[in-house]
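To keep things clear, I will list the structure first and then write my remarks on it.
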Amino acid sequence: MSTHSNTLLAGKVALITGAGQGVGQGIAFALAKAGAKVALAGRTLSKVEDSCEQVKSFGGDAIAVECDVKDFASLENCVNTVVKEFNTISILVNNAQEVPLGPLLHVSDEAFNAGWESGPLATLRLMKLCHPHLKGDGCIINLASTAAKRWDASNYAAYAAVKEAIRSISKGAASEWAIDGIRTNVILPHALSPGLEVWVKANPEEAEAFIATIPQKRIGDCEKDIGEFVVSLCSDASAYVNGQSIAIDGGQAFMG
């Protein structure tokens, strides 16, 4: 169960992309348990419908929305659907992302473009579409990565590039939209998502070495570690936190 009060975010409406599994799902569950109504958006409708049913099983209010973040019309339809159902959007979580990984010589234009379209472009588009609804007391949480903080950027440079673009856009929104009553922050999480679980099982020695570099010696839980922090960041307790990039990674990255 959430450690937060189930009324902490009462009256809030949250839209979370990539909410069918992993970090997006964990954030959605935590927000719902804190009292927010949640719209779970994802490319695979069956996945977000399943997540939606889980939210309802613990008493949360949720809808599932099929959404391809690389398609502007799909993003527009998603926002319209949420507003029609819940009247507003007060929390936006941009989580969905296709990841371009591998050595630069092997990263195709198609893979990098997919990372760009699903990452910074989709994030900016959705922020702009939600802006009229977020005005007054809105909160944007965008997801980036500590990959850009790695000393050895081998195999992660393309991924880090699209994630750093999200950080730049977020800083701009924090600066320009604060006057509109909108806060924008970035989280950089380590979490045991399905994708990471597959990697850990496939690369046990590399995974062990990776976990050893985390001061807390564990990978975060999608709901308890990442989702719970997002709840705090969206609450009145964080009303003066804006334009920040916060690593939720057990102390691994140096963000200075």
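Taken together, the values in this text are just the output of simple stated rules run on the coordinates, not laboratory data. Here the structure is a predicted model, which means the values were calculated and not measured. In this analysis, Cβ positions are derived from the backbone assuming ideal geometry, glycine residues included, and neighbour counts consider all displayed protein chains.
Here are the numbers:
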| item | result |
| --- | --- |
| Viscosity 1.002 mPa s, 20 °C: Kirkwood-radius Stokes-Einstein D of the chain over Cα pairs, µm²/s | 118 µm²/s |
| Most mobile listed residue (Thr184, Thr123, Thr81) in the chain, GNM with C-alpha springs under 10 Å | Thr81 |
| Coil-residue chymotrypsin sites (Phe, Trp or Tyr not before Pro) of region 180-242, DSSP, other Cβ within 10 Å capped at 12 | Tyr240 |
| Cleavage-rule hits (chymotrypsin sites (Phe, Trp or Tyr not before Pro)) in region 131-175: DSSP loop, at most 14 neighbouring Cβ within 10 angstrom | Trp151 |
| 21 Å tail of the calculated P(r), region 183-256, as % of Cα pairs | 33 percent |
| Per-residue Cβ neighbour rank within 10 angstrom, fewest leading, Ser57, Ser108 | Ser57, Ser108 |
| Restricting region 139-194 to trypsin sites (Lys or Arg not before Pro) in coil, as DSSP defines it, with at most 11 other Cβ within 10 Å | none |
| Members of Lys33/Lys217; Lys56/Lys84; Lys47/Lys70; Lys33/Lys149 lying beyond 24 Å, as alpha-carbon distances in this model show | Lys33/Lys217; Lys33/Lys149 |
| Whole-percent pair-distance distribution, where bins are 10 Å wide, for the alpha carbons of region 1-138 | 13, 42, 31, 11, 3, 0 |
| Kirkwood hydrodynamic radius of region 110-256, from inverse mean 1/r over distinct Cα pairs, in Å | 16.3 Å |
| Theoretical gain in end-to-end length, Ser46 to Ala178 [0.36 nm per residue, Cα-Cα removed] | 43.9 nm |
